[in-house]
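Note sheet for the following structure.
The values are calculated or read from the model by the stated rules, or taken from the named source; none is laboratory data. These figures come from a predicted structure and were not determined experimentally. Quick reminder, even Gly has a Cβ in these numbers, built from the backbone with ideal geometry, and neighbours come from all protein chains shown.
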């Protein structure tokens, strides 16, 4: 997938907030519980300080009036063991409240994060379904999958874990800083001087790591694409003995991916090592300065112990902000990659587009079309009478399949490229969904899902009665082949139908299209994998069944096309000739040449015996 422009900070924020809707309550609850947990944690050093200075010592506690009134200092000073047990109980109580807060926070985070990521996945998948066929052909499947899985998980982890950690750390630093400044502002400044240094180091690190994460993520997408293509094309790999080549290709991409992460590891190791050094310097500086202050009497022993605890508790979360920044880098790259898909324009209909029941002649009027600047169709015009069988013959690359893609609006004609109308209505004025529902399409290489044969045939009309489904299979001459399978219609086909032969796949796809009962049926070289005799049987059965439908046949085989009402001959993107079979073989031209080459004596005999076959 090509590189894309990065999303702005506002676009990333909008994307996150949009998918957080409906889950705000869980996140607010988690944040409040995290703050309460931090407050309970801040109480513990105060318990230790009061115990050391005011219970074991003689200092008057610097506590709110109601707490001082509730604290029986004289009694506690007379019984030090009782005082210690009460202090221990207070610590345990604070820890218990912390445990409840952590439990509630995790439950809320779990519900909120899963709601967030579910909404993101649903929107992403739904958006992909509405993207144009042209967009899909331009992007690798493996990379799209990687963006919808790994990148989405990175975003979820950051929003639901790392971002929560940032909010908790900011609150912790603000709370502990306020407490430390009230206890001893000079000593607090010694501790706080390291925070901007750590922040600056994190900022430098963030700048170095962001680009590296994007390159590594793209390498992972290439690795996923390689694996996906190999697994999908396993039959081709085995048939041509390409196992060694594919192993080497995967190993090359895997080596590249590993090298990038090793380089990332080096940058990360430098940051973590420098972070540990800064934290140790911060703790050591506070201990040294605090020891001097305690000896000079400017701070009590209890306050000094509490101060050391606050400093240590604040140092590590501040340092962990670097880890959060690294995750932010990854999340930023993942948001760019996911946002690229979400920003891709969906297929859209004209405002005046309507649901139309297809009826009337299909007219291609001066149609010119190409892919990426390469012209495929050049001023092609022809008419398909409604209810007729129309055939298209042409060499490879002559534009046969492109005509079908344009009719089904897999691609749209721009202004000046001609028009396609059905019953006088421009197909661009028909809603895509309605148009495609009324055009049955069978491709040369049909796609079957990894489901049962019954589910594959019934894909166009789920819940179809058994009798009607079997009738379509009989018309496609595949019913007997299905009956010979181990579980009949309940046989599960492999991915993309790999467990079936090419002809069986084509016939199952024909049965699926017949069940659609569309008024326009297109067979894009969809009988190429069956023998000539089976081809004739299928066409005879189709002719009887589809007497009311408009049928478009595309094939390289003259015997498949010769019974059509009219035949269009394409040559290098131009309409070289149009006529009936009898008219086309009566005059020199491409059709006559192909007919003479293909029609062996056996073919001629079959045609004479089969009559309309």
Q | Candidates 221, 241, 233, filtered to the one that is modelled with pLDDT under 80 and at positive phi | A | 241
Q) With respect to residue 215, is the statement that it is under 30 Å from residue 502 (Cα atoms) and under 24 Å from the mean Cα position of the chain (by Cα) true? A) no
Q) Looking at the range 395-406, is at least one residue in a strand (DSSP E or B) and buried (at least 16 other Cβ atoms within 10 Å of the Cβ)? A) no
Q. Is there a residue being without any contact (Cβ under 8 Å) to a residue 60 or more places away in the chain, in contact with a strand residue (DSSP E or B) (Cβ under 8 Å, 6 or more places away or on another chain) and under 22 Å from residue 526 (Cβ atoms) anywhere in the range 381-395?
A. no
Q: Please identify the pairs in which a residue from the range 40-56 that is in the same structural domain as residue 88 (by TED's automatic domain parsing) has its Cβ atom under 6 Å from the Cβ atom of a residue that is modelled with pLDDT under 80 and in a helix (DSSP H, G or I), counting only partners at least 6 apart or on another chain.
A: 47/87; 51/87; 55/76; 55/83
(Q) Within the range 321-343, does at least one residue satisfy the condition of being in contact with a strand residue (DSSP E or B) (Cβ under 9 Å, 6 or more places away or on another chain), farther than 17 Å from residue 193 by Cβ and either assigned to a helix (DSSP H, G or I) or free of Cβ contacts under 8 Å to residues at least 24 places away in the same chain (or both)? (A) yes
Q | the range 433-457, residues that are buried (at least 19 other Cβ atoms within 10 Å of the Cβ) and within 26 Å of the chain's Cα centre (by Cα) | A | 446, 448, 456
Q. Among (1) at pLDDT below 85; (2) out of contact with any helix residue (DSSP H, G or I) (no Cβ under 6 Å at 6 or more places or on another chain), which single condition is residue 255 missing?
A. (1)
Q. Which one is nearest to residue 130 (Cα to Cα), of the residues in the range 356-387 that are under 31 Å from the mean Cα position of the chain (by Cα) and not in a strand (DSSP E or B)?
A. 372
Q | The one condition in (1) crowded, with 21+ Cβ neighbours inside 10 Å; (2) at positive phi that residue 430 fails to fulfil | A | (2)
Q: Being touching a helix residue (DSSP H, G or I) at 6+ places or on another chain (Cβ under 7 Å) and assigned to a loop (DSSP other than H, G, I, E, B) is the filter; apply it to the range 517-531 and report the residue that is modelled with the highest pLDDT.
A: 526
Q | Among the candidates 295, 286, residue that is in a helix (DSSP H, G or I), at negative phi and out of contact with any helix residue (DSSP H, G or I) (no Cβ under 8 Å at 6 or more places or on another chain) | A | 295
Q: Looking only at the range 555-574, count how many residues are surrounded by 15 or more Cβ atoms within 10 Å (Cβ to Cβ) and modelled with pLDDT under 90.
A: 12
Q) Which helices (runs of 4 or more DSSP H) sit wholly inside the range 422-510 and have at least 1 residues that are over 26 Å from residue 406 (Cα atoms) and in contact with a helix residue (DSSP H, G or I) (Cβ under 6 Å, 6 or more places away or on another chain)? A) 453-457, 466-475, 479-483
Q: May I ask you to list the residues in the range 178-194 that are surrounded by 15 or more Cβ atoms within 10 Å (Cβ to Cβ) and under 47 Å from the mean Cα position of the chain (by Cα)?
A: 179, 191, 192, 194
Q | Residues of the range 388-415 classified as farther than 15 Å from residue 578 by Cβ and more than 34 Å from the chain's Cα centre (by Cα), total | A | 2
Q: Might you let me know whether the range 137-160 holds any residue that is under 30 Å from residue 309 (Cα atoms) and free of Cβ contacts under 8 Å to residues at least 12 places away in the same chain?
A: no
Q | Meets criteria (crowded, with 18+ Cβ neighbours inside 10 Å, more than 35 Å from the chain's Cα centre (by Cα) and within 30 Å of residue 348 (Cα to Cα)) for residue 418 | A | yes
Q. In the range 95-207, which helices (runs of 4 or more DSSP H) lie fully inside it and hold 3 or more residues that are farther than 30 Å from residue 287 by Cβ?
A. 133-137, 141-146, 152-157
